[in-house]
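Here is the structure we will look at, set down as structure tokens.
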Amino acid sequence: MSVKPNPTLSTSDADIAIAAGHLRAGGLVAFPTETVYGLGADATDDTAVARIYSTKGRPQINPLIVHVSDRSMATRFAVMTTMAAQLADACWPGPLTLVLSRREGAGASPVSRMVSAGLDSVAVRLPASDLARRLISTAGCPLAAPSANVSGTLSPTRASDVRFPPPPDGPLVIDGGACSVGIESTVVDCTGVRPVILRPGALTGEDIKAATGIEIGAATGGDLSAPKSPGQLAAHYAPATPVRMNAHTVAGDEALLAIGASPLVGAAQTLNLSPTGDLVEAAANFFAMLHELDRGKYSGIAVMEIPEIGLGAAINDRLRRAVISFATKID
Ligand code: TXA
Ligand code: MG
């Protein structure tokens with residue numbers, strides 16, 4: 001399904017204006033956020049949102065995150081409870097997605113029901129990326145944006161990893177360089193009495209607790225079969241090459257995704273997520289390095305053990321999904 005190249009725009013004001021006009025006309029624009037590149041469309045335009053699903057090959061049961069340029073844009077279509085507001089005060093702008101109840105009725109802005117995939121909730125995110133916020137405010141509408149990958153493939157953290165046909169089916173692509181965080185946002189369900197992490201991501205429960213004092217319910221974690229967040233059902237980060245985790249040896253026809261000062265020896269190709277074992281650096285390199293090793297057509301990709309702490313938990317979550325090779329892919 002990958003056709004290159006997509007028409008690429010720069011981050012100049014003139015190019016952002018072109019991208020914003022394209023969005024207002026119902027087109028798709030792939031744009032960088034601090035986490036990964038998003039495949040954006042006007043969230044109030046049903047046809048444009050439908051195009052995200054068809055272009056990504058994403059099943060319509062998996063809802064989309066709506067990106068806003070400021071808090072007031074969010075409260076036009078979502079109900080910000082006191083608890084959600086506390087989380088937003090501490091973590092927005094940033095890689096935290098809040099699942100909130102949809103605001104309906106008079107005065108509510110009409111965000112497409114398709115972004116919610118039939119649920120009464122809507123996921124909202126105010127990205128830290130200045131560029132993403134500039135694009136949203138120039139377009140003047142909230143942007144529905146899943147990660148800018150074909151369903152079932154790796155999320156892109158560089159413009160060159162965004163692979164779609166050109167418009168009208170595919171997006172214009174804004175090349176804003178590499179994403180600084182590299183792992184998707186943490187999705188927190190705020191519709192219940194207690195907030196619950198639906199998808200582990202760039203902010204850990206401990207980060208959020210330290211910033212807010214609010215205890216966040218545990219992620220569904222290892223339970224990939226009965227998750228609350230529809231996107232958690234899937235093996236949706238799978239490269240074409242088989243992946244194995246916690247490798248302590250590596251074969252000569254395998255690629256190695258290493259971490260730390262003592263990478264295993266003997267692989268056909270080795271990339272090191274972080275020679276110092278820094279998990280922030282590892283997250284930033286994670287998808288780009290997996291993309292690169294996947295292109296090498298090796299018999300497998302062996303991944304050294306990544307500590308299950310801090311951003312390591314989110315990296316391991318993505319790896320576990322990459323390992324489940326025959327599950328239904330719905331991202
Ligand atoms: O960092 C990110 O979150 C990136 C960038 C582009 O912002 N976006 C992203 O979107 O990762 P996507 O569509 O690949 O993942 C969205 C996740 C999915 O797991 C989806 O099921 C969940 O959020 N989600 C969206 N709306 C939801 C809702 N109303 N209730 C529960 N989960 C929801
Ligand atoms: Mg995704």
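Where a number appears in this text, it was derived from the coordinates with a stated rule and is not lab data. This is a predicted model, so every value here is computed, not measured. So basically every Cβ, Gly included, is an ideal-geometry build from the backbone, and we count neighbours across all protein chains shown.
Annotations
- Three-way shape call for the stretch 243-330 based on the alpha-carbon gyration tensor, with the a/c threshold at 1.5: oblate
- Whole-angstrom gap from the stretch 81-114 to the stretch 180-201, using each part's C-alpha centre: 13
- Converting phi to 3J(HN,Hα) with the Karplus coefficients 6.51, -1.76 and 1.60 and the offset θ = phi - 60°, the stretch 253-265 yields 9, 9, 8, 10, 9, 9, 8, x, 7, 10, x, 4, 10 Hz in sequence order, with x at every glycine or proline.
- Principal axis extents of the Cα atoms in the stretch 239-288, from largest to smallest and rounded to whole angstrom, are 28, 25, 17.
- Projecting the Cα atoms of Thr35, Ile18, Ser155 onto the dipole axis of the chain, where Lys and Arg carry +1 and Asp and Glu carry -1 at the beta carbon, places Ile18 farthest toward the positive end.
- Taking amide hydrogens as placed 1.01 Å from N in the peptide plane, the amide H of Ser112 sits under 5 Å from those of Thr44, Asp45, each at least 5 positions away in sequence or on another chain.
- Each helix, a run of at least 4 DSSP H residues, gives -39500 (n - 2.57); summed and divided by the residues of the chain, these come to -8000 deg cm²/dmol at 222 nm.
- Span from the the stretch 266-292 Cα centroid across to the the stretch 1-68 one, whole angstrom: 28
- Amide H contacts of Ala78 (H built 1.01 Å from N, under 5 Å, at least 5 apart or other chain): Arg103
- Rounded if a/c under 1.5, otherwise prolate or oblate - the stretch 8-218, Cα gyration tensor axes: prolate
- Long-range HN-HN contacts of Asn272 with modeled amide H, under 5 Å: Ala258
- Computed from Cα atoms, the angle from the helix 46-56 axis to the main principal axis of the chain rounds to 10 degrees.
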